[in-house]
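Undergrad: Before anything else, here's the structure in question.
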Amino acid sequence: MEFSTAARGEQGAMPVNGLPPYDPNNIFARILRGEIPCRKVYEDAFALAFHDINPQAPVHVLVIPKGPYCSFADFSAAAGAEEIAGFVRAVGKIAKDLGLEAPGYRLLANMGADSGQEVPHFHVHLFGGRPLGRMLGHGAPRADG
């Protein structure tokens, strides 16, 4: 399989649709299997967190569930309650362990082509370490026209 260019650290990645079926050869699946190294921040039974290879903030960590989920839509529909709770708690613990609670942080999960999702494995971006500004840039089209 050809990995997204963003996953390889290059520019111009093609978005994915975020819908099943799950591709077990995506880059995050390969990281989970230990086939590709990562700069690990945290790991437990439900999640793996590692530094993004192309950080967009002083702290930019990716948190992925250990299960085979394509997107938030897939994860929220198919994961069990224990897995969802374990993943959410892991994200909170990582933010706290990184010292981001007091100054603040941002969570971002992309779903599908319009969002720019590039890897077909559900993941949350954890950003912090500086003021992050508006959630969407000034150039984003407004929903009301």
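The values are calculated or read from the model by the stated rules, or taken from the named source; none is laboratory data. Everything numeric in this text was worked out from a predicted model, so none of it was measured. Heads up, the Cβs are rebuilt from the backbone with ideal geometry, glycines too, and the neighbour counts pull from every protein chain shown.
Undergrad: Residues to consider are Val63, Val41, Val16; find the one that is modelled with pLDDT under 95, under 21 Å from Leu107 (Cα atoms) and not basic (Lys, Arg).
TA: None of the others qualify; the one that does is Val16.
Undergrad: Moving to a separate point now. Can Ala73 be described as surrounded by 15 or more Cβ atoms within 10 Å (Cβ to Cβ) and in contact with a Phe, Trp or Tyr (Cβ under 6 Å, 6 or more places away or on another chain)?
TA: Values: surrounded by 15 or more Cβ atoms within 10 Å (Cβ to Cβ): yes; in contact with a Phe, Trp or Tyr (Cβ under 6 Å, 6 or more places away or on another chain): no.
In short, no.
Undergrad: Next up: Could you tell me whether the stretch 38-60 includes any residue that is among the acidic types (Asp, Glu) and more than 25 Å from Arg134 (Cα to Cα)?
TA: Looking through the stretch 38-60, at least one residue is among the acidic types (Asp, Glu) and more than 25 Å from Arg134 (Cα to Cα).
Undergrad: So the check is Cβ under 6 Å with 6+ separation or different chains; which pairs have a first residue in the stretch 91-118 that's closer than 18 Å to Met135 by Cβ and a second one that's among the β-branched types (Val, Ile, Thr) and part of a loop (DSSP other than H, G, I, E, B)?
TA: Cβ pairs passing all conditions: Gln117/Val16.
Undergrad: Can you tell me which residue within the stretch 103-128, out of those that are surrounded by fewer than 16 Cβ atoms within 10 Å (Cβ to Cβ) and on the phi > 0 side of the Ramachandran plot, is modelled with the lowest pLDDT?
TA: Gly116
Undergrad: Determine which single condition Ser76 fails, assuming it passes every other condition in (1) within 17 Å of His121 (Cα to Cα); (2) under 14 Å from the mean Cα position of the chain (by Cα); (3) polar (S, T, N, Q).
TA: Tallying (1) within 17 Å of His121 (Cα to Cα); (2) under 14 Å from the mean Cα position of the chain (by Cα); (3) polar (S, T, N, Q), Ser76 fails exactly one: (2).
Undergrad: Would you point out which residue out of Val91, Val124 is more than 20 Å from Pro24 (Cα to Cα) and touching a Leu at 6+ places or on another chain (Cβ under 8 Å)? Before you say what the answer is, go through the steps one by one.
TA: Details: Val124 fails: more than 20 Å from Pro24 (Cα to Cα).
Exactly one residue qualifies, and that residue is Val91.
Undergrad: While we're looking at this one, here's another question. In the stretch 77-88, is there at least one residue being small (Gly, Ala, Ser) and within 19 Å of Gly133 (Cα to Cα)?
TA: So in the stretch 77-88, the residues small (Gly, Ala, Ser) come out as 77-81, 85-86.
Narrowing the set further to residues that are within 19 Å of Gly133 (Cα to Cα) leaves none.
The answer is no; no qualifying residue exists.
Undergrad: Follow-up. Right, Glu10: at pLDDT below 95, among the acidic types (Asp, Glu), exposed (fewer than 13 other Cβ atoms within 10 Å of the Cβ) and on the phi < 0 side of the Ramachandran plot or not?
TA: yes
Undergrad: Moving to a separate point now. Do we find a residue being at pLDDT 95 or above, small (Gly, Ala, Ser), surrounded by fewer than 13 Cβ atoms within 10 Å (Cβ to Cβ) and farther than 14 Å from His123 by Cα anywhere in the stretch 25-37? Reasoning before the result, please.
TA: Within the stretch 25-37, the first condition is being at pLDDT 95 or above, and the residues that meet it are 25-37.
If we keep only those that are small (Gly, Ala, Ser) too, we end up with 29, 34.
Checking which are surrounded by fewer than 13 Cβ atoms within 10 Å (Cβ to Cβ) leaves us with 34.
Filter once more, keeping what is farther than 14 Å from His123 by Cα: 34.
Yes, there is a match, as at least one residue in the stretch 25-37 is at pLDDT 95 or above, small (Gly, Ala, Ser), surrounded by fewer than 13 Cβ atoms within 10 Å (Cβ to Cβ) and farther than 14 Å from His123 by Cα.
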